[in-house]
Amino acid sequence: MTETALTVHQTARPHGFPTPDHFAFVESPLPEPAPGTALVENLYWSVDPYHREMMDGDFALNAPLEGRTLGRVIASRDPALREGEIVFHRQGWRTHTVVTPDEARTVTRFDGVPLSAHLSILGGTGLTAYVGLTRIAELREGQDLFVSAAAGGVGTATGRLARLMGAGRLVGSAGTAAKAAYLTEHVGYDEVFDYHAGPTAELLAKAAPEGIDLYMDNVGGEHLEAAISSLREYGRIVRIGTIAQYNSTGTPYALRNLPDIVEKSLRMEGFLVRDHYAVREELYEFVVPHLQSGRVGLDETVVEGFGSIVDAFLGMLRGENLGKIIVRAAGAAG
């Protein structure tokens, strides 16, 4: 066990796209667990698009950043957190942390399923997709679906789960032709377009000429406008994120077809996954057997070493990942 810990601090507010200069690695003595707490050595870290939004004011400057993390209890002073257990907590962006039983939960291990899945399809990413499809969109068998940012963590999970649920035509958008090919060849999408290839409305109309029933929106802006035009009557829009605007310094995109929401009786609803943690066990029951059988694969980009966490985050914002991006500690296994 090392005698020092590393944390990542945000040092300044970005204006536009963040750079490595907005972060600092800070070394400190290994924390000691007090009574009622446990010391966790972190093994896997999640870097997520929502972090960029929180950098504008939610994260305190010159303090450790938070994030979804898996770690091993290495010293405990509470019987609820046993040494050797793998736990999930949100005190990420650091190599070690002290947690209470209320701040961590023991991870359920499933035979044949890698531990990293608890940060991808079995974690907040997969839960977001599952809740969006089942609780918000209320996907029914045979319905046609459009997913923006389909090659990201939520986008790949949405494609996998929607296909298992019997979705009809599954259309996505991605940032490169290679990502589009991966999604059609491996994830289950019927058609994926590179949104750099032309106006999104035209590309979507070509990919889904008969329209769509549901839109899972991870992007906002031009994608949302295109989806509103393509939705059939009584269609549903699930608002998950607005990654197209996170680094923007200009005027937000103005939707020009909002009257269509009334004229076509569309429904648009957003949600926060933290309000739906009770659905986690249902997600496990639904998808774990398919992970174990190999019918569902893991869409993950794994970056090695805690020292790469800032580069992994910035790379994710640039769209360099395929599926969920996860940072793994050197030497960490399953």
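The values are calculated or read from the model by the stated rules, or taken from the named source; none is laboratory data. Here the structure is a predicted model, which is why all the values come from computation and not from measurement. All Cβ positions, even for glycine, are placed from backbone atoms using ideal geometry, and neighbour counts span all protein chains on display.
Brief remarks follow.
- Against the list (1) buried (at least 18 other Cβ atoms within 10 Å of the Cβ); (2) under 18 Å from Gly305 (Cα atoms); (3) among the hydroxyl-bearing types (Ser, Thr, Tyr), the condition Thr4 fails is (1).
- If the condition is being buried (at least 18 other Cβ atoms within 10 Å of the Cβ), at pLDDT 95 or above and not hydrophobic (A, V, I, L, M, F, W, C), then the stretch 29-50 contributes Pro33, Thr37, Glu41, Asn42, Tyr44, Ser46.
- So Thr301, is it crowded, with 20+ Cβ neighbours inside 10 Å, without any contact (Cβ under 8 Å) to a residue 60 or more places away in the chain and within 15 Å of the chain's Cα centre (by Cα): no
- Flag if Tyr253 is farther than 22 Å from Gly159 by Cβ, surrounded by 16 or more Cβ atoms within 10 Å (Cβ to Cβ) and of a type in the set (Ser, Thr, Tyr): yes
- Qualifying residue in the stretch 223-238 (condition: in the same structural domain as Ala129 (by TED's automatic domain parsing) and over 25 Å from Glu138 (Cβ atoms)): no
- Where strands (runs of 3 or more DSSP E) fall wholly inside the stretch 21-81, the ranges with 3 or more residues that are free of Cβ contacts under 8 Å to residues at least 60 places away in the same chain and either within 15 Å of Gly92 (Cβ to Cβ) or β-branched (Val, Ile, Thr) (or both) are 69-76.
- Residue count for the stretch 82-100 under the criterion of being without any contact (Cβ under 8 Å) to a residue 24 or more places away in the chain and either of a type outside the set (D, E, K, R) or closer than 15 Å to Val327 by Cβ (or both): the result is 1.
- Evaluation of Gly159 against the conditions (1) under 18 Å from the mean Cα position of the chain (by Cα); (2) touching a residue at least 40 places away in the same chain (Cβ under 8 Å) shows that the sole unmet condition is (2).
- Conditions (1) more than 19 Å from the chain's Cα centre (by Cα); (2) closer than 16 Å to Gly132 by Cβ; number of the one not met by Gly241: (1)
- Qualifying residue in the stretch 203-215 (condition: surrounded by fewer than 24 Cβ atoms within 10 Å (Cβ to Cβ), touching a Gly at 6+ places or on another chain (Cβ under 7 Å), without any contact (Cβ under 8 Å) to a residue 60 or more places away in the chain and outside the structural domain of Leu314 (by TED's automatic domain parsing)): no
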